[in-house]
Structure formats: C-alpha cells, structure tokens
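Written below as structure tokens is the structure these notes are about.
Quick note: the coordinates plus some simple rules give every number you see, no bench work behind them. All figures in this text were calculated on a predicted structure; none of them were measured in a lab. No Cβ is skipped: glycine too gets one built from the backbone with ideal geometry, and neighbour counts run over all protein chains shown.
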Amino acid sequence: MRPECRRRLLAWFDKSQRELPWRQTRDPYRVWVSEIMCQQTQVATVIPYYLRWMERFPTLPDLARASEEEVLLQWQGLGYYRRGRMLRTGAQQIHQQGWPASALEWRSVAGVGPYTAAAIASICLGEPVAVVDGNVERVYARFMGDSTPGESLQRPAAAWAQAWIDPSRPGDWNQALMELGALICRPQQPQCSQCPLASECRAKTEGRIDQLPVPKTRRPTVELRLLTLVPVFGAELGVELISEGSWWKGLYQFPTAKSRPVAIQGPTLALLPRVRHQVTHHKLAFESELIQMAHRDSSLFWFPSDQACPWPLPVPQQKILAAARDFLNSHSPTR
Ligand code: SF4
C-alpha cells in the first residue's frame, strides 16, 4: 500500500463514517461496552441496546454495583449472554484495580480478548495496535489478492494491518478498515467505484473479487427438538432459573428439556405454535404446551400472565410467552 492510499482511506473515513452513539468518544467505558455489544451482533441491532444500557448504567461503578439479574435484563434479546455477565465481572475488576493502561493490560479484564483489547487501546489510548475482524480480513484478502483460506487468513491480515497502521491515528485506522468492509467492500456486490483503495486493489485488477476471501469451512448444522411446558396456576405463569449450559445460564425459562420435564404435571390446556431459533450452528425447535397446574409449585418463579416477566428470558422463551398470552387472552372468561 502506498502512503497516499492510506491517506485516502482515512479521508474517506472522516467523510463517510456512520454516526454511531459510541463514536466521537474516547471514554474507555463507553468504547468497551460498544465493542462487547458489537461482537457477533449487527450495529443496527446494538444501537437501542447501547442507548438503554447507558441510561441504566451510565458509569463503570453503576455497572460494577448492579446485580447479574439486572445486567441480564438489560441484555435480554441481544444474545450471547456471557458477554453481559463478563462486562459486569470486568467492571468489578476495573473498579477495584483501576483502568488498564495498554492493550496487554486490557487482556487481563474478564471477557476481553486480543481483538477487543486492541480496539479499546487504539481508540482510547492511541496505542498503535491493529484490530482484525471479518471485515478487515475481507478487505485485506481482496486488496492484496490473498487466497489463504478460512481461519488461516487472520494471521497475514493482522500483519498487513499492523504494518500499515497510522501511528498518529491508530484508532481511526482500525475503524476505517472495518467501516470500509462494512459499507463498501461488502461480502456481496462491493461498491468498488466508491472505494478509496480501488486504484491498488489486486482482486479488482485481476477480476477475482467474487473469489475472495476464500470461505471458511462451515460447521455442520445440528438440529435440536426441545419440549417446553408453560405452567399456569390461576392468573400466573411459572418460570425456572437456567443454571446449566453456556447459552442462557442465569436467565429464566419455562421448564424446557429434550424430553418431557417430569416435574410439571397437569392437563394440557393448549399446544402452542412451534418456535424456531438458531444459536451458532444449532437450529432449535421448541414444541410448547400450556399446562394447568394443580398447585403453585414453589420451585418455580411466578408472575402475572398479563404483565411483563420481571426476570430476563431468552428470545425463544419470550416468543413462547407471547403465544401463551395470546391463548389465555382469547380464552379469558371476561372476553
Ligand atoms: S476495490 Fe472493491 S474489492 Fe477492492 S478493496 Fe475496494 S471495494 Fe474491496
């Protein structure tokens, strides 16, 4: 890459970057929260969560003092809940030990890997460490015409991004490459006519854009059928705490298992519509039944069926709750 190409990229970023609520700040708390939320989640989805989060936990001490349940309630619907739990643990750590002063120190914070540490250190501390995500890998593979397949692309992409990082604007350099990948050098139909790197792009010159990057091998999909029983007693519904498993640990659910949960006994009031949900390479299908309970089981947490569940629920459980409510409303004796 020639220096003027790098200048063009930064000039393009200055002019064309999206206005995002966490841009124009170097506050490490705000940047850290935004980086964690944006992992595996689209920016448009993150924005309302980020804004609500900053209202509820405006400073690091606010987050450090919050209960895990409050944090998961704010995270509800964003998925990959471990991220929310780790943010809270990391906040407690920083509250006790002080703010990290380098990318290396950031890596000792709970839930912060090399990517996030580099992003925060480059934006907030001006440390010249390159950040490589899927967007940067794609820009690199096309710009350099590199056919290295799948996971192996990370290393040469990181070396390239590090070699060309602008030491006077490392945070902007990292964000400019990622923004270029997100807006212009998109996976499908890249907008090469608007690209500040077009004059030196090998994939464009060689007519190989649609062949690069060489795709990763996908993990085979695993299909899983789950049975959910929604306990009803009077005008209340019962949920249980999810204590096992990494997806939703710490959240709540209607009793759910691969086979019929034995603790929930009673006549079936209704079969609810099937709910489908995908987590990583797992395709889940929830078959749900509304169960009339003979007693108010004390091992469950009960809440009025016409009010919001006060405990955080994973997205498929929120859909099951909505279906249960629809049924109960349409069969209410007062209608
Ligand atoms: S010229 Fe096209 S393929 Fe090359 S980096 Fe720019 S957008 Fe990507």
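Some notes on this structure:
- Dimensions in Å of the chain - Rg and Dmax from alpha carbons: 23.9, 75
- Helix 114-124 vs. the chain, principal-axis angle (Cα, 0 to 90°, nearest 10): 70 degrees
- Each part gets one Cα centre, and for segment 205-231 versus segment 173-203 those centres are 23 Å apart.
- Within the chain, percent of DSSP bridges classed antiparallel, to nearest 5: 65 percent
- The chain - charge dipole about Cα centre, Lys and Arg +1 at Cβ, Asp and Glu -1, debye rounded to 20: 680 debye
- Whole-Hz couplings from phi, Karplus 6.51/-1.76/1.60, listed for segment 29-39; x for Gly and Pro: 5, 5, 5, 4, 4, 5, 5, 5, 5, 7, 5
- Those residues of segment 144-159 whose amide nitrogen sits under 13 Å from the label point placed on THR205, 7 Å along Cα→Cβ: 144-146
- Taking only alpha carbon atoms, segment 276-317 gives an Rg to Rh ratio of 1.04, where Rh is the Kirkwood radius.
- Once the Cα atoms are used to define both axes, helix 315-330 deviates from the longest principal axis of the chain by about 40 degrees.
- Total lysine pairs under 25 Å (Cα atoms) in the chain, excluding pairs fewer than 8 apart on one chain: 9
- Counting every alpha-carbon pair across segment 222-330, the share separated by more than 17 Å comes to 49%.
- Distances between placed amide hydrogens fall under 5 Å for LYS283 paired with VAL222, GLU223, LEU224, all partners being 5 or more residues away or on another chain.
- The stretch between ARG65 and VAL222, if pulled fully straight at 0.36 nm per residue, gains 52.7 nm over its current Cα-Cα span.
- A full extension of the chain between ALA110 and LEU271 corresponds to an added length of 53.7 nm, given 0.36 nm per residue minus the alpha carbon distance.
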